[in-house]
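*Asks:* Can you keep this structure in mind? I'll have questions shortly.
The values are calculated or read from the model by the stated rules, or taken from the named source; none is laboratory data. From a predicted model like this one, the values you see are computed outputs, not experimental measurements. Heads up, the Cβs are rebuilt from the backbone with ideal geometry, glycines too, and the neighbour counts pull from every protein chain shown. The protein model used for the area step is the full one, side chains on, heavy atoms only, and it has no ligands, DNA or RNA in it. Shrake-Rupley method; radii C 1.70, N 1.55, O 1.52, S 1.80 Å.
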Amino acid sequence: MVLTSSAREYFNRILQDISGMKVLILDSQTVSIVSVVYSQSELLQKEVFLVELVDSISKSNEPMSHLKAIYFLRPTSENIQYMRRQLASPRFGEYHLFFSNIMKDHHIHLLADSDEQEVVQQVQEFYADFVAIDPYHFTFHMPSNYIYMLPAVIDPSALQRFSDRVVEGLAAVFLALKRRPVIRYQRTSDIAKRIAQEAAKLMYQEESGLFDFRRMEVSPLLLVIDRRDDPVTPLLNQWTYQAMVHELIGIQDNKVDVKSIGKFPKDQEEVVLSSEQDSFFKVNMYENFGDIGMNIKRLVDEFQQVAKSNQNIQTVEDMAKFVDNYPEYRKMHGNVTKHVTLVTEMSKIVEERKLMLVSQTEQELACNGGQGAAFEAVTNLLNNESISDLDRLRLVMLYALRYEKDSPVQLMQLFNKLSSRSAKYKPGLVQFLLKQAGVEKRTADLYGNRDLMNIARNMARGLKGVENVYTQHQPLLFQIMESIVKGRLRDVDYPFFGNHFQQGRPQDVIIFIVGGTTYEESRSVALQNASNTGVRFILGGSSVLNSKRFFRDLEEAQRVARSSTSVV
């Protein structure tokens, strides 16, 4: 049950079955879907000489009848209109149409009517309507990700579009895996319930024939939960490699834009950070920052050994050997440069923003009690000139989430201090977060102080001590996975949808977080899968968050809520 290989298999089939010179035509979303599982050099090897976007290719009339056109598009009304216009005056010799999800019948009829010159060779559905970032982590890159925070009355049509896209994406995930799940959802979340309801309707009623796969002894589980049940994880600074790069620099579709970091040749302004394409990253993506430094030093030493042996060219045979090994040498050089650049830049940011100091307090707020000491620590950091506005805001948010009921007076003091110290502070944003994700809105025991099992676990962790003070936090997702493995996920908190229940422990579980996932959570999933409990987890979300993206979604939701006449 690995999503990267499912998506890759689809593209292998598309590209292998069509011989000759090809042009690949994508839309703004399928370009992400393809780019995370297929590199440009691999596309070239499959004789794809041109990659275009469907909206820009519509503007050109240049005939290219020597090329076979492969379209891989989402089956949206907009894309069908583009296709109709392009089929009315075809530029390519052949048209092979692949859609990433279930097509509507009337769309198929429209395409058939438009193909008057009979250039379309095939129309197929290939269910890869998700961006498979890592083997056990996918996203949908929702543009209006903040919508999930708003009540349905504010913008019903936008919420419907959001919900439709999630349901379509989840359908494609299960069609790619050839499974039909039983569905559970977070009881306190209207949007999670809505998505569960619409997914069940699609899989068990509207398209039940498509999902009629061989019955398994225990059905897989789809669990739909809400980001607001754990608002702490996207607020924290990160200290493991992949999560830290996303938090401090930013990752989009497994690529990092390094233009802002320094001067690079044009073809190196974007570097790939993919566990499928980079063996060093695959081994180190979940390692702590301190260990990464040591491992990169080893990588540099290895490279220097190779470089030294290449300098020692004395005979024609030596030269021939060097030329043979040159592509590998160049690749190694690029890899070393990439990782050294990223780690150097992150070290600089950590020093400039005093993140070790900030993060220690963040982790205390997320993991340990002690309100008096926490108030003092946050106050001191708010007074520290070296601390950025972003870090001040996150500290006050973390304090507010933990102590909103315990110390309203001190919380108000922190609000006042924050607005006087930070020019960027948006009035009311912390209060908006509490309205969205405060203690009264949450299902789960986020701080482990309600449930006896959690209290015992926290005490045990306190007694044993923590291996690394910066990575002691565990996301709520970790507790949820633990409960599923032990068969203890409470029906009252996460009810089943419809009359499809689970007999026994599921072997395959997809947890979808409405509002977005984090790389800290995907690390938890990878470590859980590596522990061989007999349950395999896949994590999905509407977007991949870092704290900046989480703040942006909060600000946008607050802005829309304020401009609406409805009361939020």
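*Asks:* Report the trypsin sites (Lys or Arg not before Pro) located in segment 84-131 that are in a DSSP loop and have at most 12 other Cβ atoms inside 10 Å of their Cβ, or state none. Don't skip to the end; give the middle numbers.
*Replies:* Details: sites: Arg84, Arg85, Arg91, Lys104; in loops: Arg91, Lys104.
The qualifying sites are Lys104.
*Asks:* Using +1 at the Cβ of each Lys and Arg and -1 at the Cβ of each Asp and Glu in the chain, identify which of Gln29, Gln45, Ile296 lies farthest towards the dipole's positive end.
*Replies:* Checked the options; the winner is Ile296.
*Asks:* For Asp17 and Met216, FRET efficiency with R0 = 30 Å and r from the beta-carbon atoms, rounded to 0.05?
*Replies:* Working: r = 30 Å, r/R0 = 1.00.
For R0 = 30 Å, the calculated efficiency reads 0.50.
*Asks:* Also, quick follow-up: Could you work out what % of the accessible surface of the chain is carbon and sulfur, using a 1.4 angstrom probe and leaving DNA, RNA and ligands out of the count? Mind dumping the intermediate values first?
*Replies:* Numbers: 13390 of 26650 Å².
Of all accessible area on the chain, carbon and sulfur atoms account for 50 percent.
*Asks:* Take every DSSP beta bridge whose two residues both sit in the chain, then give the antiparallel share in percent to the nearest 5.
*Replies:* Roughly 20 percent of the DSSP beta bridges within the chain come out antiparallel.
*Asks:* Taking the convex hull of the Cα atoms, report for segment 79-201 its projected area averaged over all directions, in nm².
*Replies:* On the way: hull surface 39.5 nm².
Answer in nm², one decimal: 9.9.
*Asks:* In terms of solvent-accessible area of protein heavy atoms at a 1.4 angstrom probe, what is the ranking of Thr337, Thr344, highest value first?
*Replies:* Working: Thr337 55, Thr344 80 Å².
Descending accessible area places them as Thr344, Thr337.
*Asks:* While we're looking at this one, here's another question. With +1 on the Cβ of every Lys and Arg and -1 on the Cβ of every Asp and Glu, and nothing else charged, how large is the dipole of segment 337-418 about its Cα centre, in debye rounded to the nearest 20?
*Replies:* Details: 9 positive and 11 negative charges, 27 e Å.
With only Lys, Arg, Asp and Glu charged at Cβ, the dipole is about 140 debye.
*Asks:* Compute the accessible area per residue over the chain, keeping the other protein chains in place, probe 1.4 Å, unit Å².
*Replies:* Values: 26650 Å² over 568 residues.
Accessible surface, normalised per residue, equals 47 Å².
*Asks:* Tell me, what is the 1.4 Å probe accessible area of Asp406, in Å² to the nearest 10?
*Replies:* 100
*Asks:* Would you compute, from DSSP H runs of 4+ residues alone, the mean residue ellipticity of the chain at 222 nm, taking -39500 (n - 2.57) per run and dividing by the full residue count, rounded to the nearest 500?
*Replies:* On the way: 21 runs with 277 residues, N = 568.
After summing the helix terms and dividing by residue count, I get -15500 deg cm²/dmol.
*Asks:* Please work out how much length the chain gains when fully extended from Thr533 to Lys441, using 0.36 nm per residue of separation minus the C-alpha to C-alpha distance, in nm with one decimal.
*Replies:* So the extension gain works out to 30.0 nm.
*Asks:* My understanding is that a pair violates if its Cα-Cα distance is over 30 Å; which of Lys178/Lys282; Lys201/Lys548; Lys46/Lys255; Lys417/Lys441; Lys354/Lys486; Lys22/Lys331 do that in this structure? Could the numbers behind the result be given before it?
*Replies:* On the way: Lys178/Lys282 27 Å; Lys201/Lys548 35 Å; Lys46/Lys255 22 Å; Lys417/Lys441 26 Å; Lys354/Lys486 40 Å; Lys22/Lys331 27 Å.
Lys201/Lys548; Lys354/Lys486, as the Cα separations exceed 30 Å there.
*Asks:* For the peptides 360-367, 520-527, 212-219, what is the packing order when you average, over each peptide's residues, the other Cβ atoms within 10 Å and list the highest mean first?
*Replies:* Working: 360-367: 21.0, 520-527: 22.9, 212-219: 10.9.
Listed from highest to lowest mean packing, they are 520-527, 360-367, 212-219.
*Asks:* For the chain, what is the relative contact order in percent, using Cα pairs closer than 8 Å and at least 6 residues apart in sequence? Don't jump to the answer; show the numbers that get you there.
*Replies:* On the way: 796 pairs, mean separation 104.4, N = 568.
Once normalised by length, the contact order is 18 percent.
*Asks:* While we're looking at this one, here's another question. Which order do His66, His339 take when ranked by solvent-accessible area (1.4 Å probe, heavy atoms of all protein chains), largest first?
*Replies:* On the way: His66 120, His339 0 Å².
Per-residue accessible area, sorted high to low, gives His66, His339.
*Asks:* Working from the alpha-carbon coordinates of the chain, get Rg over Rh, Rh being the Kirkwood radius.
*Replies:* On the way: Rg = 25.6 Å, Rh = 25.9 Å.
Rounded to two decimals, Rg over Rh is 0.99.
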